[in-house]
Amino acid sequence: MVPAGDAEPPLQSQLQLQSKNVCVVGAGMAGMAAARELRREGHAVTVIEQSVDVGGQWLYYDPTTDGDDLLEATEPVRVASSMYACLRLISPREAMGFSDFQFLPRHGVAGRDPHRYPVHREMYCYLRDFCDAFGLLDAVRLNTRVLRVAAAVPASSLTRQWAVRSVHLGDGDEKEEVFEAVVVATGRYSQPKLPSIVGMEEWRRRQMHSHSYRTPEPFRGDVVIMVGCGDSGKRHRAGPAPRRQGGEVDAQVLSGRRALPPEEEMLRSVEEHYRAREAAGVPKKYTHDIGGVEPLKMYEFGEKYCDFARIENWQRELILSGIAGMNEDMENFRDRTDDSENVRKGLQTWHSLAAPAQAQDDKNVTVKDIAATEVDVQAMTKLLVN
């Protein structure tokens with residue numbers, strides 16, 4: 001593991017690879033993972049993030065930040081995160097971390113939750129640890145919203161470039177910059193999707209999209225109707241994150257370490273995929289819906305085609321038992337302690353191999369850092385409200 005705050009040396013020593021100027025839009029899990037892989041491959045990286053801090057969906061805001069439009073029908077939304085105060089993870093931490101930076105419990109560290117299914121802030125802190133360990137924060141431009149990305153006039157016929165226009169949310173200063181590549185890591189859950197229900201516009205009682213739900217206190221004593229029974233609906237009534245940096249393939253394609261199939265072949269494959277789904281009656285909007293895919297099939301696909309690290313048998317068992325437990329008892333499955341002998345042995349090895357790295361990282365986590373972040377979020381709340 002790289003000492004906290006030290007950037008990794010690029011992997012360009014043995015090959016004549018290309019270094020490109022890359023913009024990453026979004027500083028959530030995917031964006032920061034992409035930034036790390038791009039830097040490791042030797043590219044120059046600028047991460048643009050509209051919020052006050054890294055974290056993406058895992059950055060929690062005070063309820064007052066949402067304003068009066070609780071259906072969030074207008075774009076862009078005031079708050080991109082759907083996080084609510086009492087949320088706990090539904091996937092075990094042992095199967096959620098990056099393959100070379102595990103999601104370890106931080107016992108005895110102020111502000112941390114060492115449980116297998118911790119509260120949402122633990123995931124945010126994990127991403128901050130990741131950024132600190134690989135020296136990524138200096139590449140992040142906060143409080144800045146991307147307004148437009150478009151093809152720029154190329155410097156030569158062999159170079160494709162992109163013009164990125166952004167605005168600083170504090171002073172309103174706009175700028176346009178040119179990059180050789182853009183990674184869009186804005187996520188899928190920042191803009192709510194609203195159903196069309198007869199009479200919805202005329203009903204004057206409180207209506208709220210789950211995106212704007214933060215705490216239960218405003219609803220005490222009310223009779224509440226929940227429309228929808230996906231993960232949000234079930235959790236408000238009461239698949240594991242990537243295991244390897246998703247930007248690795250992108251970074252290596254840009255540098256020339258890997259090659260993609262010809263553009264025509266990739267477009268033809270996409271069109272065939274869409275036609276097959278249309279014939280099956282599946283709307284295009286469900287292109288990225290993996291809810292019906294078995295979790296282990298996703299891991300096998302990643303191992304085969306993306307060079308993802310292999311999932312250990314005990315981790316597979318832990319994932320499947322968690323899913324079964326969630327289906328049986330949504331409210332209490334996270335607190336079960338009935339691990340099999342196989343899982344217990346796997347956990348012992350996992351902790352023993354990672355313990356030295358955790359001890360080193362714990363020295364760099366301070367209460368001051370946590371307090372500073374909370375102050376920043378409060379500042380962002382005032383900025384959005386005003």
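The values are calculated or read from the model by the stated rules, or taken from the named source; none is laboratory data. Since the structure is predicted, the reported quantities are computational estimates derived from the model, not experimental observations. Cβ coordinates were reconstructed from backbone atoms using ideal geometry, including for glycine residues, and neighbour counts include every protein chain displayed. Ligands, DNA and RNA are excluded from the accessible area calculation, which covers all protein heavy atoms including side chains. Shrake-Rupley method; radii C 1.70, N 1.55, O 1.52, S 1.80 Å.
Among the candidates 185, 152, which residue alone is under 25 Å from the mean Cα position of the chain (by Cα) and either under 26 Å from residue 48 (Cβ atoms) or modelled with pLDDT under 95 (or both)? Walk me through how you get there before you give the answer.
Numbers: 152 fails: under 25 Å from the mean Cα position of the chain (by Cα).
That would be 185, the only listed residue that is under 25 Å from the mean Cα position of the chain (by Cα) and either under 26 Å from residue 48 (Cβ atoms) or modelled with pLDDT under 95 (or both).
Among the listed residues 305, 286, identify the single one that is surrounded by fewer than 11 Cβ atoms within 10 Å (Cβ to Cβ) and not polar (S, T, N, Q). Lay out the reasoning, then the answer.
On the way: 286 fails: surrounded by fewer than 11 Cβ atoms within 10 Å (Cβ to Cβ).
Within the list 305, 286, the selection yields 305.
Exactly one of these conditions fails for residue 129: (1) acidic (Asp, Glu); (2) under 17 Å from the mean Cα position of the chain (by Cα); (3) assigned to a loop (DSSP other than H, G, I, E, B). Give me its number.
Failing condition for residue 129: (3).
For the range 154-164, check the following and say yes or no: at least one residue is in contact with a His (Cβ under 9 Å, 6 or more places away or on another chain), open to solvent by 50 Å² or more (accessible area, probe 1.4 Å) and part of a loop (DSSP other than H, G, I, E, B). Write out each step before concluding.
Our first condition is that a residue be in contact with a His (Cβ under 9 Å, 6 or more places away or on another chain); within the range 154-164, this holds for none.
No: zero hits.
Among the candidates 174, 122, single out the residue that is farther than 24 Å from residue 18 by Cβ, open to solvent by 60 Å² or more (accessible area, probe 1.4 Å) and among the charged types (D, E, K, R). So that I can check it myself, show each step before the final result.
Numbers: 122 fails: open to solvent by 60 Å² or more (accessible area, probe 1.4 Å).
From the options 174, 122, the qualifying one is 174.
Answer with yes or no whether residue 116 is farther than 21 Å from residue 333 by Cβ and either part of a loop (DSSP other than H, G, I, E, B) or open to solvent by 40 Å² or more (accessible area, probe 1.4 Å) (or both).
Numbers: farther than 21 Å from residue 333 by Cβ: no; either part of a loop (DSSP other than H, G, I, E, B) or open to solvent by 40 Å² or more (accessible area, probe 1.4 Å) (or both): yes.
The answer is no for residue 116.
Does at least one position in the range 185-196 carry a residue that is touching a Leu at 6+ places or on another chain (Cβ under 9 Å) and surrounded by fewer than 16 Cβ atoms within 10 Å (Cβ to Cβ)? Lay out the reasoning, then the answer.
Taking the range 185-196 as the starting set, the residues that turn out to be touching a Leu at 6+ places or on another chain (Cβ under 9 Å) are 192, 194.
Subsequent filtering for residues that are surrounded by fewer than 16 Cβ atoms within 10 Å (Cβ to Cβ) retains 194.
Yes, that holds for at least one residue.
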